[in-house]
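Taking it in order: structure first as structure tokens, then the write-up.
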């Protein structure tokens, strides 16, 4: 039986495994977490809306009925492309070797500080469940701490949330922290007004959500400002330390802003696995560390190795869940065709299904080709699409309940710190 | 305004605050967590059924409409009974002093190893949300690890779950791990049978659930054995290390059993706060460190200080949620009467509403006075009572969904590790 090893249980890897359901192959999914992660909703865990299980269904359960798929927990830390095997480090530190005939690499991205690695200690990243839980403790902890602080400047610093990065993650976090400060938490504190909180969003670009049409960026910016979020565009980060962020505005002037919560949603780069693959195969990497692939998502140097999802450098495709799902399925189709002796499928072509970002409790922007939606209509589109793409029926049910609690009842239930 | 400080957001403290809703007092609830904890369902977080938010609603949200109550996050580490103030350590390590006219102490219990403190490193406790999350990672991690182990003895050790303590927590954990091994996880692993798992329950007493009628203990024991749980009664723990547990059976013979998961549900003692109160007031403590109180739940030495819940030593009352709730409400009534110049209420008298323990997915034992229920009927009683007592309507809704998922669909959604 043709052995397929898939690395990573994200959108790319999980969809590759599922697409091999009926192929005459034996699939092993190796992942460093026991769950799939619905990354676009990570910000809702960080702001107390959803539980971890709702955006992170167990991979084993998702695949329990797929008889040709085995799930294995471990981190791939080595690749021997000649021997066709990957080296997996287990939880106890021991190593195992797993042999493949075809390999699908979907290792995803990690937070990148663009050479300012010293920022890592002082600014929360937003790529993993651990990141989101740490940020949740930080955000709700800041309000708790503020209650004990009488000195105005110290309280202001405690209640300042500095977010770097005007892409969807930064915008969605800013919007939800705004909702907390101006709506959800208002009635819960007696000794100070949570509306004193300052939420600052910094980006070097002249507008937020730069991948969206300009009109939608403007709508999103207006919705954020209605929630009290201060947008600082054309502004770059000069320094971050344990108490503050220093930025340079469009005029070049530097300002140091005391801020006890600092969030880095400004950039990503390929996970270290990409470099392991590049070293083992000679494949080229781009400036984000992504691996250059041929038009069928395989490496030119090793046609039995496929790179899918965010880690793939192909035709300038962006790091979106939809690109990951489609590329994972494409690699699976190529492998299934080879294993079955069929003609290869046509080259991978991304079908753009649109992008969206939720700005507040009742407002989102959504871009589908020439159609742009915003406000409540955009939010309804956001709701339908996200429910449709959440993995697993059961999570959809509890997620709907939690969304009703949050969006109608204005409460946050998932915030034990 | 009469100032009441309540320490602890458990069943006792939270119910004391709520019972002061209409009293002419200003209440400050000081707690070291930002949530109430529904401890009787902690085992369901540890076994992947419920999310943390479902058993740990935010204290602030529970009290958001109670205008005379303020919530403050911090740990009480000092008491000056003459000055009538408590010392609170904040998250940043600084200290604050909070003055009271009346004080209600509801600090609860911590895991006790009965002088074998070296066991703590090697056996999971089950008192806090952190305990439950650590145990969840251990339990689901054991099955993940077992998949990589081919050597039979090593795999058997990885899949051996040793639970010390035959009270409700030990029984409920054993039952749910049995459910995982024999039902929920069976279809998720390909390379070994999860039914190989051994679940061992140890207790020095001759039967499990010793506070229940003998007939119900026997029913619960039979239900556990049907789930593959091995009961070792009349058996004491001689040693626990990082790989095994050593027990002495009724015949006195020692046996060392390799077990990678070791759980200590055998005992509790009063949290360190009790000793702080004893030192500051001269109040007596019993062998569990609980504080002796008068029949109105106040300290004889300091009538303005009340001790409620598990930390209270009164008439041999057991450490049950219902005792905690009733004693918290009683202390509140005494304070309200004093503040309002009314006659004091009658001495505290515990109204026994019964006890129950869920053994498996469809079986529970419930004891209401002379009425004893078991099996499916017991389970229905368990369901109704637990839903009624869960704090907050919203949590009840998602909890019902998660219970439907688990008990009907046989799946575990909350197990990201």
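Here are the numbers for the structure shown:
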{"item": "Qualifying positions in the range A:351-387 - in contact with a strand residue (DSSP E or B) (Cβ under 7 Å, 6 or more places away or on another chain), at pLDDT 90 or above and part of a loop (DSSP other than H, G, I, E, B)", "result": "A:359, A:374"}
{"item": "Among the residues listed as B:417, B:405, the single one being within 9 Å of chain A (Cβ to nearest Cβ), part of a loop (DSSP other than H, G, I, E, B), out of contact with any strand residue (DSSP E or B) (no Cβ under 6 Å at 6 or more places or on another chain) and surrounded by 14 or more Cβ atoms within 10 Å (Cβ to Cβ)", "result": "B:417"}
{"item": "Residue within the range A:219-234 that is in a helix (DSSP H, G or I), within 14 Å of another protein chain (Cβ to nearest Cβ) and over 17 Å from residue A:263 (Cβ atoms) present", "result": "no"}
{"item": "Strands (runs of 3 or more DSSP E) within the range A:65-158 that include 1 or more residues more than 14 Å from chain B (Cβ to nearest Cβ) and either in contact with a strand residue (DSSP E or B) (Cβ under 8 Å, 6 or more places away or on another chain) or modelled with pLDDT of 95 or more (or both)", "result": "A:75-80, A:85-89, A:95-99, A:102-105, A:109-111"}
{"item": "Test: residue in the range A:318-328 that is assigned by TED's automatic domain parsing to the domain that holds residue A:228, in contact (Cβ under 8 Å) with a residue 24 or more places away in the chain, surrounded by fewer than 23 Cβ atoms within 10 Å (Cβ to Cβ) and under 23 Å from residue A:36 (Cα atoms)", "result": "no"}
{"item": "The range A:245-261, residues that are touching a helix residue (DSSP H, G or I) at 6+ places or on another chain (Cβ under 8 Å) and either part of a loop (DSSP other than H, G, I, E, B) or surrounded by 18 or more Cβ atoms within 10 Å (Cβ to Cβ) (or both)", "result": "A:259, A:260, A:261"}
{"item": "Filter result for residue A:235 (in the same structural domain as residue A:140 (by TED's automatic domain parsing), buried (at least 16 other Cβ atoms within 10 Å of the Cβ) and in contact with a helix residue (DSSP H, G or I) (Cβ under 9 Å, 6 or more places away or on another chain))", "result": "no"}
{"item": "Lone qualifier among A:348, A:389 - being away from chain B (no Cβ under 14 Å) and buried (at least 18 other Cβ atoms within 10 Å of the Cβ)", "result": "A:348"}
{"item": "Single residue of A:280, A:343, A:324, A:339 found to be at pLDDT below 95 and outside any loop (DSSP other than H, G, I, E, B)", "result": "A:339"}
{"item": "Test: residue in the range A:46-58 that is within 11 Å of another protein chain (Cβ to nearest Cβ), in contact with a strand residue (DSSP E or B) (Cβ under 6 Å, 6 or more places away or on another chain), farther than 30 Å from residue A:410 by Cα and crowded, with 17+ Cβ neighbours inside 10 Å", "result": "no"}
{"item": "Filter result for residue B:16 (more than 13 Å from chain A (Cβ to nearest Cβ) and crowded, with 19+ Cβ neighbours inside 10 Å)", "result": "yes"}
{"item": "The range A:19-45 - residue that is part of a loop (DSSP other than H, G, I, E, B) and within 16 Å of residue A:386 (Cβ to Cβ) and, of those, farthest from the other protein chains (Cβ to nearest Cβ)", "result": "A:38"}
{"item": "Selection within the range B:190-203 - within 12 Å of another protein chain (Cβ to nearest Cβ) and surrounded by fewer than 19 Cβ atoms within 10 Å (Cβ to Cβ)", "result": "B:190, B:191, B:192"}
{"item": "Selected residue [in contact with a helix residue (DSSP H, G or I) (Cβ under 8 Å, 6 or more places away or on another chain) and without any contact (Cβ under 8 Å) to a residue 24 or more places away in the chain] from B:218, B:222, B:197, B:193", "result": "B:193"}
{"item": "Members of the range A:259-311 found to be on the phi > 0 side of the Ramachandran plot and without any contact (Cβ under 8 Å) to a residue 24 or more places away in the chain, listed by number", "result": "A:282, A:289"}
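Per-residue answers, yes or no, for (1) within 14 Å of chain A (Cβ to nearest Cβ); (2) farther than 18 Å from residue B:184 by Cβ; (3) touching a residue at least 12 places away in the same chain (Cβ under 8 Å):
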{"site": "B:343", "(1), (2), (3)": "no, yes, no"}
{"site": "B:378", "(1), (2), (3)": "no, yes, yes"}
{"site": "B:383", "(1), (2), (3)": "no, yes, yes"}
{"site": "B:401", "(1), (2), (3)": "yes, no, no"}
{"site": "B:412", "(1), (2), (3)": "yes, no, yes"}
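The values are calculated or read from the model by the stated rules, or taken from the named source; none is laboratory data. Everything quoted here is computed from the prediction, not taken from an experiment. We place every Cβ from the backbone using ideal geometry, glycine too, and count neighbours over all the protein chains shown.
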